[in-house]
């Protein structure tokens, strides 16, 4: 049982969040109506995406896609880390950008194990997820017949380490690339893996990819603006928990950043309400840039202690990966009576087991 719970815990640590700075410029801007990445020869300039372009995923994606065409993936990773640490616009889009870098590494090194040796887990292991996308893009037909072997050599497999999770979760991303983002075909392919934990972790990668790859130019066929719960309310019950762990990032787009409406939508998720509230917490972590008071304020949109407590727990889980254990504990300490102790207990459990 703990393995299934562990899958949900790590998934909360791993999922990308929407960044409010980009959202504030406008949904259409974030989805690609502005561009302007500098030519690759200017890759070492301080600001490859100046002015409003720094708040668009299109500009940064174009920059790193060009980068990995000309330079090794390790150099792209170093460049992105520098810009991330400097707090530039790339920080807001670091996870999907790391998918680009990781995919290039997968193609370069030809195996998960070798590519992982040259990567890092920062920004929710976007690099690790991308590696699988790159490998599936190169030889997906072959990989589809040997899913169990892809992550077999990853360190810590026997204890379900974070790297092992990132690899199996990454298979979900890779399958989405292989099946041209067909969500139902991808989750069915995850079921070829041996082990319920591995299957569930892979499903999480599929649902995550479904949300983060949704753009104005190439909208997902498996997200609906008029049905905030879709596809979670359309997939089989066995897949729904993993779906709801991601779904609120899409809800916050269609509700234009309204956390009250997002809580209201989660209340219609039936037995998965709590999971949905935890997903809101993960998003609150990102929208508040790790500011505990702001995170608490966003979770306060919940109307009951249960809702706010689940939100706080989800936020704290994300804090561990995004801002460190100390910040996660500080966040829990600010929680209201009835939410504070469960949050602290959850953080300590995460730290001990992950």
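Please treat every number below as a calculation from the coordinates, not as lab data. Given the structure is predicted, the values throughout are model-derived calculations rather than measurements. Cβ sites come from the backbone with ideal geometry, for glycine too, and all protein chains shown count toward neighbours.
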| task | Can you tell me the equivalent ellipsoid semi-axes for the range 34-221? Use √(5λ) from the Cα gyration tensor, largest first, whole Å. | result | 28, 18, 14
| task | Taking every pair of alpha-carbon atoms in the range 250-334, give the share separated by more than 21 Å as a whole percent. | result | 20
| message | Given an 8 Å cut-off on Cα distances and at least 6 residues of separation, report the relative contact order of the range 223-354 as a percent. | response | 18
| task | Do me a favour and compute the ellipsoid semi-axes for the chain from its Cα gyration tensor, root of five times each eigenvalue, largest one first, whole Å. | result | 28, 24, 20
| query | For the range 123-145 and the range 320-354, what is the separation of their C-alpha centers, rounded to whole Å? | reply | 32
| For the range 183-314, what size does the Cα cloud have along each of its three principal axes, sorted from largest down, in whole Å? | 43, 35, 26
| request: Evaluate the distance, in nm, between pseudo-label points positioned 7 Å from the Cα of residue 118 and of residue 139 along their respective Cα→Cβ axes. | output: 1.7
| Estimated inter-spin distance, residue 306 and residue 69, nm [label 7 Å along Cα→Cβ] | 5.3
| request: Beta carbons within 10 angstrom, averaged per residue: use that to sort the peptides 328-336, 207-215, highest first. | output: 207-215, 328-336
| field | Order by protection proxy (mean Cβ within 10 Å, highest first), peptides 49-61, 111-123 | value | 49-61, 111-123
| task | Compute the Rg/Rh shape ratio of the range 192-240: radius of gyration over Kirkwood radius, all on alpha-carbon atoms. | result | 1.03
| remark: Per the rule of 0.36 nm per residue minus the C-alpha distance, extending residue 268 to residue 51 adds in nm 74.1 nm
| request: Return, ordered by residue number, the residues of the range 171-212 whose backbone nitrogen is under 19 Å from a label point located 7 Å along Cα→Cβ of residue 230. | output: 181-187, 207-212
| remark: Taking r as the C-beta separation of residue 352 and residue 155 and R0 as 30 Å, the FRET efficiency to the nearest 0.05 is 0.95
| query | Tell me, what is the percent relative contact order of the chain, built from C-alpha pairs under 8 Å that lie six or more residues apart? | reply | 15
| field | All-pairs Cα distance distribution in the range 144-238, expressed in whole percent, bin size 10 Å | value | 17, 48, 27, 8, 0
| task | With springs only between Cα atoms under 10 Å apart, run a GNM on the chain and tell me which of 79, 337, 283 wobbles the most. | result | 337
| request: Restricting things to alpha carbons, tell me how big the range 239-285 is in terms of Rg and Dmax, in Å. | output: 9.3, 27
